[in-house]
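Data first, discussion second: the structure below is written as C-alpha cells.
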Amino acid sequence: MFSKAPEKGQALILIALAAVGLFAFAALAIDGSRVYSEKRHAQNAADTAALAAALSYTRNNSATIPELQQIAQDRATSNGFDNLEKSDITIAVESTVCPGGAAGKNITVTIIAYVDTSFTRVIGRDRVKTAVTATSRACGYYLAPLFGGYPIVGLGRYNDPKMKNCAFDSGQSKAAEWKVKGGGIFSNGCAHSKDSDSVTFVDPGTCVTSVGAASGFGCTVQQNQTLLEINYPTDVLKIMPPNPCDGTPGDIGLPPPTSGSTFTNGVYCISHFDDYDKKDIVLDNATLYVTDTNFSLKFAGTGGFYGTPTESGGYTGSKPYEDYYMIIAMSDPPCEDFTKGDQTIEWRGNGSGSFYGTILAPSACLDLRGNGDTDGMHTQIIAYTVSSNGNAGAKNQVYINYEADENHQDPVFPFISQLR
C-alpha cells in the first residue's frame, strides 16, 4: 500500500498569497489615504498661494511678476511646500484685461507633491506623485460709466400704464433730428422722439430697448434686451449720490448765488427750480443738486445750460458729485407726461455754448429741442423720459457728444476671483 503524502506546508502558501492581498488592501487604505490627504493639502496650499499673490496685486497694482511669484512661493512654503525635495512648484503670472478695461493679472500655481509610501513599497512603489493647480485673477481699480455708458438713457417703462404714449408728445407734431457720438441710446421702453425718422450715430452705436418695441425710435432697435433692463427705482437708488442739502452732518451743499445764475466751485442746493425758467445756467467747476420735486422749465432762445461740472480735486468733498452737471432728486410718482408740469424740462434751441457733465434726472421728463452747436453737448442724459420735439433740420438738431471721462463714473474697487 502506498502511504498518503503529508499536506504540511500547503497552508503556508495560502497564507503567503493571502498576505499579499492583505498588504495590497493595506496599501490602498493607508497609502491611498495619505496620497489623498496630501493632494487635498497641496490643493489648499495652491489656492491660498494664488490668492495671496492676487490680493497683493490688488493692493499694489505696480507689483512686478517676480514679486508676485515670490509672494505665492512664500505662502506655499509656509504650508509645507518649499519647492525642494518633496515638491515642485511652478508659478505663472500673465497679464489680462478685466471688466471695464482695468489691468489685471492671472496667477496660476501648480504644485507637484511626492508622498513616501509604507506598504506600497512591497510592490516596488517607494513614492507616489500627485499634482494640483489653482488660478486666481486680480483686477485693479477702475471707473465705470453709468448704465453701460449710453449717452442717452430712458428709465420709463413702455408698458407702464401711468405713461401717456411714453410722454413723447409735448405739444409738437414734429421732431428734432438726433446726432449721437460716443455710443447709442438705451431705453427701458421710453426714449427718443415722437415720429422722428432721423438718428445719426457718429461712432458705432445703436438704439437698444429692454422691453418690447417702443414707438418713437428713429433708428433700428435691438428689442427685448431683458438682461440690460434697469430696475426702476431700485437700480437708480444704488447710484444716486447722497443728498448734500438735507441738513445732515457732513452736508456740503451751498445756497444759490444771490444774483445771477452762475455757479462756481461747489455743489449748490436748488429748491425752487422754476426760478431759473428761461435763464442761462452757467457752471464753473460746479454741480447743481435740485431738491425740487415739482417744476416746469422752458429754455427759449439763448437760455440753457453751459459750463463745466465739478472735477476731482476741485474742492473738499467733491468725489460723489464729480462730473455731474446736475442731479435732480427722485419724485414719486415719476413724471407721467409733459402736460402735467411735474419735473419737466424743455430745451428750445440754445444755439451757443456747450456744457459738460452728466445730467441725472431719474424721475423727470426731458425734451431736447435742438442745440445747433457743432461741438454738441458733452453730456450723458439719464431721465425717466428723454424725447425731442420741435422742428427738424440741422439748426434744431440734438447733438450729444459723449465721452466717458467728461461725465460721472462710479468707482469699481479692486477684486479677486478664483478661476479654478
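Every number here is computed from the coordinates shown, using simple stated rules; none is lab data. Source: prediction; values computed, not measured. Don't worry about glycine lacking a Cβ; one is built from the backbone with ideal geometry, like all the others, and counts go over all protein chains shown.
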Full-extension gain between Thr206 and Ser271, please, as 0.36 nm times their residue separation minus the C-alpha to C-alpha distance.
19.7 nm
Distance in nm between label sites at Lys298 and Asp74, each 7 Å beyond Cα in the beta-carbon direction?
7.0 nm
In nanometres, the difference between 0.36 nm per residue of separation and the alpha-carbon distance of Leu55 and Ile239 is 63.6 nm
Suppose each label sits 7 Å from its Cα in the direction of the beta carbon; what would the Thr64-Arg40 distance come out to in nanometres?
4.0 nm
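What does the charge count around Pro242 come to, taking other residues whose C-beta lies under 15 Å from its C-beta (Lys +1, Arg +1, Asp -1, Glu -1)?
Numbers: positive: Lys238, Lys319; negative: Asp246, Asp251, Glu322, Asp410.
Overall, the nearby charge balance is -2.
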What nm distance separates the two modelled labels at Val412 and Asp126, each placed 7 Å from Cα along Cα→Cβ?
5.4 nm
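Mind scanning Lys179/Lys298; Lys238/Lys319; Lys86/Lys129 and naming the pairs with a C-alpha gap bigger than 20 Å? Don't skip to the answer; put the middle values down first.
Details: Lys179/Lys298 22 Å; Lys238/Lys319 16 Å; Lys86/Lys129 9 Å.
Checking Cα-Cα distances, Lys179/Lys298 exceed 20 Å.
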